[in-house]
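Chemist: Below is the structure I would like to discuss, written out as structure tokens.
What follows draws every value from the coordinates through simple rules; no lab data is involved. Treat the numbers as computed from the prediction; the structure is a model and nothing was measured. For neighbour counting, all protein chains shown are included, and Cβ atoms are generated from backbone atoms with ideal geometry for every residue, glycine included.
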Amino acid sequence: SNVPEIRIYEVGPRDGLQNEPKFVPTEVKVELIHKLASAGLKNIESASFVSPKWVKQMSDAVVVMKSIKRESDVNYPALVPNLKGYETAKTCNVEEIAIFPAGSEAFSQKNLNCSVKQGLDRFREVAQQAVKDGIRVRGYVSCVLGCPYEGPISPRTIAKITEELLAMGCYEVSLGDTIGVGTAGSVRRLMKEILQVAKPENIALHFHDTYGQGLSNLLAGLEFGVRTVDSSISGLGGCPYARGASGNLATEDLVYLLYGLGVNTNVDLVKLVEAGRFISNFLAKPTESKVNRALGDR
Ligand code: HMG
Ligand code: MG
């Protein structure tokens, strides 16, 4: 096949669980991470070192990071909002952190309690320290295709933030459609602007499937040469500060699509479906992954 490899960046244990109202016990989080690794996923965002006053669900980040049995070829990144979170992440020997400025002012206030500029200044300090310490830094931009409070956001604004994140040492910037309002059309308009400031190999796509556009948005983005895709097991996910946001593009659906495109993911779809059922059953809700549903109904 002439389709290059795609790097899947699983966000289920973090994005997938952070919005769940009932606390998921640490051992369930850890077991989920183990199942995802044994299905063949190589990048598993496992926790976030944010304020427990803001996101209670992630308040066991230290125990999660210290409890998982790390495979040597698996990357277990975690979200960090400030230097305080960074220091805690370091005590857990985290090898990669993710910083997450917002693409819109209103969302920055709701999610980080500061302006976009203040957020970037804060994250720059974190990134510079991490680079010094030899810890990889990934950047997210949220609300890249729309903000729950401000509506559409200009692609130019997102490109500027992307440029700043790369300049502060991020090896990659993940473009987050936090509330899942984008379409293939708005993805194309965004990507044209992004490629003015970044190479496609330094960009990742992070789509939420609120309006059912996740897979077609993804195909639109891949046409520009992007090779890293974020997804969440069973389609779990959502940000507590983004009203109306639903889950991420489901990892099972992504892997199924990639099989169809002839991309070798080295992911075992049967094991992935089992991991999806494990967490959906625990949360006592139906899976958001159509592939999981189709295979499960057999
Ligand atoms: P703040 O209230 O302005 O911060 O929140 P503060 O410095 O005034 O601290 C308030 C309290 O939190 C203090 O405790 C701090 O010590 C504590 P007190 O003195 O009152 O007892 N605190 C911390 N504790 C543990 N770890 C920390 C930490 N920092 C402060 N790191 C802050 C500012 C940034 C901390 C807060 O707004 C926050 O944690 N926000 C994170 C919200 C979040 O996690 N959102 C979801 C992730 S983003 C997302 O999902 C989008 C994404 O998926 C991409 C996409 O979909 O587009 C990435
Ligand atoms: Mg997200």
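Chemist: When the helix-only estimate is applied to the chain (DSSP H runs of n ≥ 4, each -39,500 (n - 2.57), divided by the residue count), what is the mean residue ellipticity at 222 nm, nearest 500 deg cm²/dmol?
Modeler: Details: 11 runs with 120 residues, N = 298.
Per the formula, -12000 deg cm²/dmol.
Chemist: Would you kindly enumerate the cysteines in the chain that have no other Cys beta-carbon under 4.7 Å from their beta-carbon?
Modeler: Cys with no partner Cβ under 4.7 Å: CYS92, CYS114, CYS170, CYS239.
Chemist: Okay, moving on. Hey, what's the Kirkwood Rh for the range 167-298 if you take every pair of different alpha carbons, in angstrom?
Modeler: About 15.4 Å, per the Kirkwood formula over Cα pairs.
Chemist: Related question: Rounded to the nearest 0.05, what FRET efficiency do PHE23 and ASN113 have when you use their Cβ-Cβ distance and R0 = 22 Å?
Modeler: Details: r = 23 Å, r/R0 = 1.04.
Efficiency for this residue pair is about 0.45.
Chemist: Taking the highest mean first, how do the peptides 18-28, 208-218, 279-289, 37-47 order by number of other beta carbon atoms within 10 angstrom per residue? Don't skip to the answer; put the middle values down first.
Modeler: Values: 18-28: 14.5, 208-218: 20.9, 279-289: 18.5, 37-47: 22.5.
Order by mean packing, descending: 37-47, 208-218, 279-289, 18-28.
Chemist: Going by amide H atoms built from the backbone, whose H comes under 5 Å of the H on SER48, apart from near neighbours?
Modeler: Here the answer is LEU79, since their amide H atoms fall under 5 Å of that of SER48.
Chemist: Now a separate question. Can you tell me the Rg and Dmax of the chain, counting just the alpha carbons, in angstroms?
Modeler: In Å, with Rg to one decimal and Dmax whole: 17.4, 52.
Chemist: How large is ³J(HN,Hα), in whole Hz, for each residue of the range 266-278 in order, when computed from phi with the Karplus curve 6.51 cos²θ - 1.76 cosθ + 1.60 and θ = phi - 60°, using x for Gly and Pro?
Modeler: Coupling constants for the range 266-278: 6, 9, 8, 4, 5, 5, 5, 4, 5, 5, x, 5, 4 Hz.
Chemist: When DSSP beta bridges are limited to those with both residues in the chain, what percentage is antiparallel, rounded to the nearest 5? Numbers along the way, then the final one.
Modeler: On the way: 2 of 30 bridges.
Bridges in the chain are about 5 percent antiparallel.
Chemist: Over the Cα atoms of the range 1-151, Rg to Rh with Kirkwood Rh, two decimal places?
Modeler: 0.97
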